[in-house]
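Here the structure comes first, spelled out in structure tokens, and everything after it is commentary.
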Amino acid sequence: MFLSSFENKIDKKGRVSVPATFRSHLNSMGYNGFISYPSFNHNALEACSQDRIEKLSSAIDSLNPFEEKRDYFATSVLSESENLQFDTEGRVSISEKLLQHAKITNNVLFVGLGKTFQIWEPKIFDKFKTFAKKKAFQNRSNLKWEQKQKGEPS
């Protein structure tokens, strides 16, 4: 899983080091990089493994091929997605287009979200995190644990 948050600096050539735990997780799944695209909801970048973007593509493909919604999703996600490969030192080069969407200039914050992660400008994420914590507290009753059946191991 992608857990925790890590801040790194973009170097003069536009490269940023991906957190070792994120690289390790992607490598364990057989990937030497990740897919990134602009977030719908935030000035941030969504990031995921190749199999995750394939699942998203399948979900888009399941829509009626003549429906506008299908084109909107394909255009907004798939046409904007970039395959970012690790160099020998575990860095990736994020395109200027993606950096502009996330308003990133110097530092990058990698934010683990379990099966995916996001890439933020650190100060923008700090504001969002404060908001997210308030909303999570307000909605805490919606988060339910699966209950184990009797006799099922814990």
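Once the Cβ-Cβ distance between Tyr72 and Ala20 is put in as r, and R0 is 41 Å, what FRET efficiency do you end up with, to the nearest 0.05?
In this case the efficiency is close to 0.65.
In nm, to one decimal, how far is the modelled label at Glu146 from the one at Asn32, with both set 7 Å along Cα→Cβ?
The two pseudo-label positions are separated by 3.5 nm.
Against the globular-protein guess of 2.2 N^0.38 Å, express the Cα radius of gyration of the range 1-90 as a ratio, rounded to two decimals. Could you put the intermediate results ahead of the total?
Details: Rg = 15.0 Å, N = 90, 2.2 N^0.38 = 12.2 Å.
Dividing the Cα Rg of the range 1-90 by 2.2 N^0.38 Å gives 1.23.
Can you give the local net charge around Ser57? Use residues other than it whose beta-carbon is closer than 12 angstrom to its beta-carbon, Lys and Arg +1, Asp and Glu -1.
Computed value for this residue: 0.
Report, in debye and to the nearest 20, how large the dipole of the range 63-154 comes out about its Cα centre when Lys and Arg carry +1 and Asp and Glu carry -1 on their Cβ.
Values: 16 positive and 12 negative charges, 168 e Å.
About 800 debye.
Under a cut-off of 24 Å between alpha-carbon atoms, report the lysines in cross-link reach of Lys12, not counting same-chain residues fewer than 8 places apart.
Here the lysines satisfying the reach criterion relative to Lys12 are Lys97, Lys103, Lys123.
Starting from the 7 Å offset along Cα-to-Cβ, what nm value, one decimal, do you get for the label separation of Met1 and Lys129?
1.8 nm
Once you treat every alpha carbon in the chain as an equal point and sum by Debye, what is log10 I(q)/I(0) at q = 0.10, 0.18 Å⁻¹?
Evaluating at q = 0.10, 0.18 Å⁻¹ gives log10 I(q)/I(0) of -0.43, -1.14.
Over the chain, what relative contact order in percent results from Cα pairs under 8 Å that are six or more residues apart? Display every interim value, and only then the final one.
Numbers: 208 pairs, mean separation 50.5, N = 154.
So the answer I get is 33 percent.
Net charge around Asp126, counting only other residues with Cβ within less than 14 Å of its Cβ (Lys, Arg = +1; Asp, Glu = -1)? The partial results should precede the final answer.
Numbers: positive: Lys103, Lys123, Lys127, Lys129, Lys133, Lys134; negative: Glu7, Glu121.
Net of charged neighbours comes to +4.
Give me the lysines in straight-line cross-link reach of Lys144: C-alpha distance below 22 Å, same-chain residues under 8 apart excluded.
Here the lysines satisfying the reach criterion relative to Lys144 are Lys115, Lys129, Lys133, Lys134, Lys135.
FYI, it's all coordinate maths here, none of it is from the lab. Remember, predicted model here, so these are calculated numbers, not experimental data. When we count neighbours, we look across all protein chains shown, and the Cβ atoms used for this are built from the backbone with ideal geometry, even at glycine.
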